[in-house]
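Shown next, in structure tokens, is the structure this report addresses.
The numbers here are math on the coordinates, done by the rules we state, and not lab data. Only a predicted model underlies this, so the values are computations on that prediction, with no experimental measurement involved. Methodologically, a virtual Cβ is constructed for each residue, glycine included, from the backbone with ideal geometry; neighbour enumeration extends over all protein chains shown.
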Amino acid sequence: MNGATRSECVVLDGKTLAARREVQLTNAIRGFANRHQGRVPTLATILVGDDPSSAVYVRMKGDACGRVGMHSRAIVLPASTSTQELRGVIDALNQDPDVSGILLQHPVPQHIDERACFDCIRIDKDVDGVTSHGFGRMALGQEAFGSATPSGIMRLLSEYGIEVAGRRAVVVGRSDILGKPLALMLSNADATVTLCHSRTQDLEQEVRRAQIVVAALGKPQFIPADWVADGAVVVDAGYHPGGIGDIEPGNLVERCSAVTPVPGGVGPMTISVLLEQTLRAAELTSASR
Ligand code: NAP
């Protein structure tokens, strides 16, 4: 490798971008309140059970609402909640004119039919982009609230001017809220996408060929740094205790063109998109009244 000719690695600083976006959102929400007799958008969050990480994520989302002047309504339900009960709670929020957006924190306890509950969320309040309807619209390139984390990743890439069109992107992990929608978003942005999962035959070779690598598999440092090609763009969506991602950092910042930090890369962008989509939902609803 010739260090003299290689340009410096860009750190994809989601934390700073999100903070900057919060200033704009604060102003936009003030403007919304001025136009709507002091009313501000409200995000309803639903946490089912006592998973400590989920509780932290929900709290962070509520705190972020507070920072930009939005209301949040935190609904906490016991782990014993049934699918039917949870659907009842979502239905009530669907009907509530004060609620602009609904976030059901993933994952819910195993006995609950998460898909059925996600799909209960009214499309115009699906600000976390989890419904089948919203997913389908996004996949077809129609107007939709995109799934928050993949939308945040796309925003991060575009804010840093990272070219996606025509490049080979490899996404490792195909969950309905992250890897799968991200693969479609990248494809819609004209990348050539390979979506890998636990049955992928030779993950190492797939990662080696990638010009853009996204790790979203939820296994600490599962992808060794030396699988990643020189000059690649590296997006690590994984987050594990101690600030560890799904990719081993190794010497990536010396060899790659762009790298997300963990933490401070993808996570803040997820929350930023959620706030933005909640404001948008409130605007669309008020316009149609
Ligand atoms: P998930 O639902 O557990 O899905 C994991 C995916 O990884 C599955 O598609 C699985 O394949 C695949 N996988 C598992 N082992 C693999 C292996 N050995 N090789 C290749 N693929 C493998 O996870 P998730 O909810 O998408 O989350 C993924 C990571 O992102 C986690 O670390 C999570 O904490 C993080 N995350 C971050 C944010 C954020 O805002 N920063 C938001 C959401 C998630 P199969 O489909 O074959 O089972």
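Of the residues His111, His71, His36, the one with the fewest other Cβ atoms within 10 Å heads the list, and the complete ranking is His111, His36, His71.
As a calculated quantity, the FRET efficiency between Thr200 and Arg73 at R0 = 41 Å, using C-beta atoms, amounts to about 0.50. Restricting the GluC sites (Glu not before Pro) of segment 92-175 to loop positions (DSSP other than H, G, I, E, B) with no more than 16 neighbouring Cβ atoms within 10 Å leaves Glu143, Glu163.
The lysines within cross-link reach of Lys125, meaning a Cα-to-Cα straight distance under 20 Å and a gap of 8 or more places when in the same chain, are Lys61. Neighbour counting of Cβ atoms within 10 Å sorts the residues Leu104, Leu140, Leu43, Leu17, fewest neighbours leading, into Leu140, Leu17, Leu104, Leu43.
Across the chain, Cα pairs under 8 Å and at least six residues apart give a relative contact order of 20 percent.
Counting neighbouring Cβ atoms within 10 Å and putting the fewest first, the residues Asp119, Asp96, Asp236 line up as Asp96, Asp119, Asp236.
The calculated FRET efficiency for Ser158 paired with Phe222, based on their beta-carbon distance and R0 = 25 Å, is about 0.40. Most mobile of Met185, Met60, Met70 per a Gaussian network model of the chain (Cα springs, under 10 Å)? Of Met185, Met60, Met70, the Gaussian network model singles out Met60 as fluctuating most.
The Cα atoms of segment 19-79 give a gyration tensor whose axes a ≥ b ≥ c have a/c of 1.5 or more with a/b no greater than b/c, which makes the shape oblate. Full extension of the segment from Gln37 to Thr83, taken as 0.36 nm per residue of separation minus the current Cα-Cα distance, would add 12.9 nm. Every helix of 4 or more DSSP H residues in the chain counts as -39500 (n - 2.57), and over all residues that averages to -13000 deg cm²/dmol at 222 nm.
Can you list the DSSP H helices in the chain whose Cα atoms extend at least 15 Å along the helix axis and whose mean Kyte-Doolittle hydropathy is 0.0 or higher? Span-like helices, by this rule, are 148-159, 266-288. Expressed as a fraction of 2.2 N^0.38 Å, the value expected for a compact globular protein of N residues, the C-alpha radius of gyration of segment 37-122 is 1.08. Treating r as the C-beta distance of Gln95 and Ser132 and R0 as 22 Å, the FRET efficiency rounds to 0.60. Using the Stokes-Einstein relation with a Kirkwood hydrodynamic radius computed over Cα pairs, the translational diffusion coefficient of the chain at 37 °C and a viscosity of 0.692 mPa s comes to 167 µm²/s.
Amide H contacts of Arg73 (H built 1.01 Å from N, in plane; Pro and chain starts excluded): Leu43, Ala44, Thr45 sit under 5 Å, all sequence-distant by 5 or more or on other chains.
Pairwise Cα distances in segment 148-266 exceed 22 Å for 21 percent of all pairs.
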